[in-house]
1. Quick one: in the stretch 36-54, which of the residues that are open to solvent by 40 Å² or more (accessible area, probe 1.4 Å) and outside any loop (DSSP other than H, G, I, E, B) is nearest to A23 (Cα to Cα)?
2. Using the structure shown, decide if A23 is on the phi < 0 side of the Ramachandran plot, open to solvent by less than 20 Å² (accessible area, probe 1.4 Å) and touching a Cys at 6+ places or on another chain (Cβ under 7 Å).
3. Could you grab me the full set of residues in the stretch 162-181 that are open to solvent by 20 Å² or more (accessible area, probe 1.4 Å) and either of a type in the set (K, R) or closer than 16 Å to V129 by Cβ (or both)?
4. Could you list, ordered by first residue, the pairs with Cβ atoms under 6 Å in which the first is in the stretch 171-200 and at negative phi and of a type outside the set (G, A, S) and the second is open to solvent by 60 Å² or more (accessible area, probe 1.4 Å) and part of a loop (DSSP other than H, G, I, E, B), at least 6 apart or interchain?
5. Criterion first (of a type in the set (K, R) and under 21 Å from L89 (Cα atoms)) does R19 satisfy it?
6. Say whether the condition of being closer than 30 Å to N176 by Cα, of a type in the set (D, E) and open to solvent by 50 Å² or more (accessible area, probe 1.4 Å) is met by at least one residue in the stretch 58-68.
7. For the stretch 6-20, give me each residue that is surrounded by 12 or more Cβ atoms within 10 Å (Cβ to Cβ) and of a type in the set (A, V, I, L, M, F, W, C).
Amino acid sequence: MSGLDHIFLQASAPSVPARWEAAFPKGRVLDESALLAWLKSHDAAHSLIWLCTNPQWQAQVEAIRKAQATARWVVLSNTPLSQEGLVALEAGARGYTHAHAVPALLQEVALVIEHGGLWVGPDLLQRLVKATASALSQRASPEKQAAKAVGNASVLSALSAREAEVARAVASGHSNKEVADMLHISERTVKAHLGKTFEKLGVRDRLQLTLMLSGEQPAKVRT
């Protein structure tokens, strides 16, 4: 369970998802004026603000940032969309997920953010991985590409041959289904290989794996 103080920004009644209340029974619900007043007189380092998308949510986010630049917030959406998620993250959100996610998932979101991570849905994560892989590939010089190949060989040596194949394909921006089709295995098998790969390399998700294999993130191999 997260040790953060959870605050829900209520835009209109009733706007607080029942599952959020179940996830954080000690959480507080504040309207915008009350939240901004609180932020101006308190340190939000140990708090997490949650708000639902609405016609004014971007203006609300800007007001939160002006009140306290270090405040952390999560955007909840009744209909999550990758583009909206990117907008939220670009604005500084630490997470973006479904407004009616089960309580256990909302608690996991909070825990990831508490430990310095970001939370995005699988579709948005896939877009970020693909864009990151493409950008890193385009900017890499021949010398860096050669060094990357050497580094990859060292990192991937901790994996089985099949796990290494899956890791390279995923780090290139392919989805689980695409990897399964490429390697003639099931998506379930791809997920199993990815899980073992994440554990062995000490990475949390596909984006970290992509950065590691690009040489942008130090290798942390678990033995």
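1. H46
2. no
3. Of everything in the stretch 162-181, those that are open to solvent by 20 Å² or more (accessible area, probe 1.4 Å) and either of a type in the set (K, R) or closer than 16 Å to V129 by Cβ (or both) turn out to be R162, R168, S172, H174, S175, N176, K177, E178.
4. What qualifies is K200/R222.
5. Working: of a type in the set (K, R): yes; under 21 Å from L89 (Cα atoms): no.
Criteria not met by R19.
6. no
7. Scanning the stretch 6-20 gives I7, F8, L9, A11, V16, W20.
For (1) modelled with pLDDT of 95 or more; (2) small (G, A, S), each residue gets a yes or a no:
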{"residue": "G3", "(1), (2)": "no, yes"}
{"residue": "A18", "(1), (2)": "no, yes"}
{"residue": "A23", "(1), (2)": "yes, yes"}
{"residue": "Q60", "(1), (2)": "no, no"}
{"residue": "K66", "(1), (2)": "no, no"}
{"residue": "P80", "(1), (2)": "no, no"}
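The values are calculated or read from the model by the stated rules, or taken from the named source; none is laboratory data. Computed from a predicted structure; not experimentally measured. Here Cβ is always computed from backbone atoms with ideal geometry, including for glycine, and neighbour counts include all displayed protein chains. In case anyone asks, the SASA skips ligands and DNA or RNA and just uses the protein heavy atoms, side chains included. Shrake-Rupley method; radii C 1.70, N 1.55, O 1.52, S 1.80 Å.
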